[in-house]
Amino acid sequence: MPYIKAGDINMHYEVYGQGEPLVLIMGLACPGALWFNQVEEFARKYQVLVFDNRGIGGTDKPTMDYSIDMLAGDTANLLKALGWGRAHILGMSMGGMIAQRLAIDYPQMVDRLILACTFSQSSPYGELMMGLWDTIARSAGMETMGKMLLLQSLTPRFFVEQPQAIVRLEKILADHPQPVDAYLRQNLACRRNYTTGELPRIGARTLVLVGDRDIQTPVGAARIIHEGIPGSQLLVLHGCGHGFMWEAPQDFNGAVLDFLQDAGDS
C-alpha cells in the first residue's frame, strides 16, 4: 500500500494503468477502494489515481477542523508529490465538492472535470439529512452509519437483485473503518461547503452527472452546478440513485469514458 507525504499529512494512494492521468476522488465516509467498479475499466486507457481522503482509510486523520478547501489542497499536494502536473478529475459526492474547489483554486491542474452526484451548496433538506447522519454516527457508531449510507445511496431493487454486491460494499466499509470523530469532521466540511457563486470561474470542460433517484444530491442540485459552470454538460442517469457508480457501473463508466474521449473543444 503506497504512502506519500502530501503537505502536512501522509496519504494512502494507488495508481493503475498507463495513459493520460485520471484522478478519482471519493465521498463522505468512503475510502478510495470503493472505486472498484471503475478502476479496471478506466485503467485500460488512463493512468488512474485513487486515494483515501484526509480522515479515512490509510490517510492521516489529524484532530483538527476539516474543510473542503483543505481537502482540495490535500489532493493538489498529492498530485504535486507524485509529479502529476495536470489530470482529468472525477469526484463523487464530497469528492465532487473537492473537485469543484480544485478546479477553482488550482485550474492549471485540472484538464477535464466530472462532477458526479454532488452539490455546490447545502439546503434545508440536505442540512437536516447530514445533521441526522451526525447524530447516527455519534449515537450508533460508524457500522450503523455505513448501513444508512448504503440504504440511502442505492435503490430497493438493487438490494433485492444484487445482494452479493451489498455484501461487498459492506465489507469494504468494514475493512476501512473510519473513526467517528474523523467522520464528523468530514461531515461538517460538507455542510459548510459553498461554491455556487464561484462556479463561473471554472474553465475546465465539465460533465455533471446525477441519478434521477438520488435523494442525497438530487437532480436540482446538479442543475445548479450545470447552470453555474459555463459550457458544462448535464447527464441524468435513469433508474439509479446516489451510488450509481456501484449500482449502474456500465452506464456510469460509459458516460465518463464517452466524455473523456470526445474530441470536442479541449
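Would a scan of the range 64-78 turn up a residue that is in a helix (DSSP H, G or I), open to solvent by less than 10 Å² (accessible area, probe 1.4 Å), in contact with a strand residue (DSSP E or B) (Cβ under 7 Å, 6 or more places away or on another chain) and within 28 Å of L235 (Cα to Cα)? Scanning the range 64-78, I find at least one residue that is in a helix (DSSP H, G or I), open to solvent by less than 10 Å² (accessible area, probe 1.4 Å), in contact with a strand residue (DSSP E or B) (Cβ under 7 Å, 6 or more places away or on another chain) and within 28 Å of L235 (Cα to Cα), so the answer is yes. Of the residues making up the range 154-178, those that are open to solvent by less than 20 Å² (accessible area, probe 1.4 Å) and closer than 16 Å to I56 by Cβ are L169, Q178. Of the residues R191, R213, R201, the single one that is over 18 Å from the mean Cα position of the chain (by Cα), of a type outside the set (V, I, T) and open to solvent by 10 Å² or more (accessible area, probe 1.4 Å) is R201.
For (1) over 22 Å from M130 (Cβ atoms); (2) in a helix (DSSP H, G or I); (3) touching a residue at least 40 places away in the same chain (Cβ under 8 Å); (4) not small (G, A, S), each residue gets a yes or a no:
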site: A174; (1), (2), (3), (4): yes, yes, no, no
site: Y183; (1), (2), (3), (4): no, yes, yes, yes
site: L188; (1), (2), (3), (4): no, yes, yes, yes
site: L199; (1), (2), (3), (4): no, yes, yes, yes
site: T206; (1), (2), (3), (4): yes, no, yes, yes
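Where strands (runs of 3 or more DSSP E) fall wholly inside the range 1-58, the ranges with 3 or more residues that are in contact (Cβ under 8 Å) with a residue 24 or more places away in the chain and aliphatic (A, V, I, L, M) are 9-16, 20-25, 46-51.
Test V219 against the criterion of being β-branched (V, I, T) and touching a residue at least 24 places away in the same chain (Cβ under 8 Å), and give yes or no. It is false that V219 is β-branched (V, I, T) and touching a residue at least 24 places away in the same chain (Cβ under 8 Å).
The values are calculated or read from the model by the stated rules, or taken from the named source; none is laboratory data. Fair warning: this is a prediction, and the values are worked out from it, not measured in the lab. No Cβ is skipped: glycine too gets one built from the backbone with ideal geometry, and neighbour counts run over all protein chains shown. Keep in mind that these areas ignore ligands, DNA and RNA; they rest on the heavy atoms of the full protein, side chains included. Shrake-Rupley method; radii C 1.70, N 1.55, O 1.52, S 1.80 Å.
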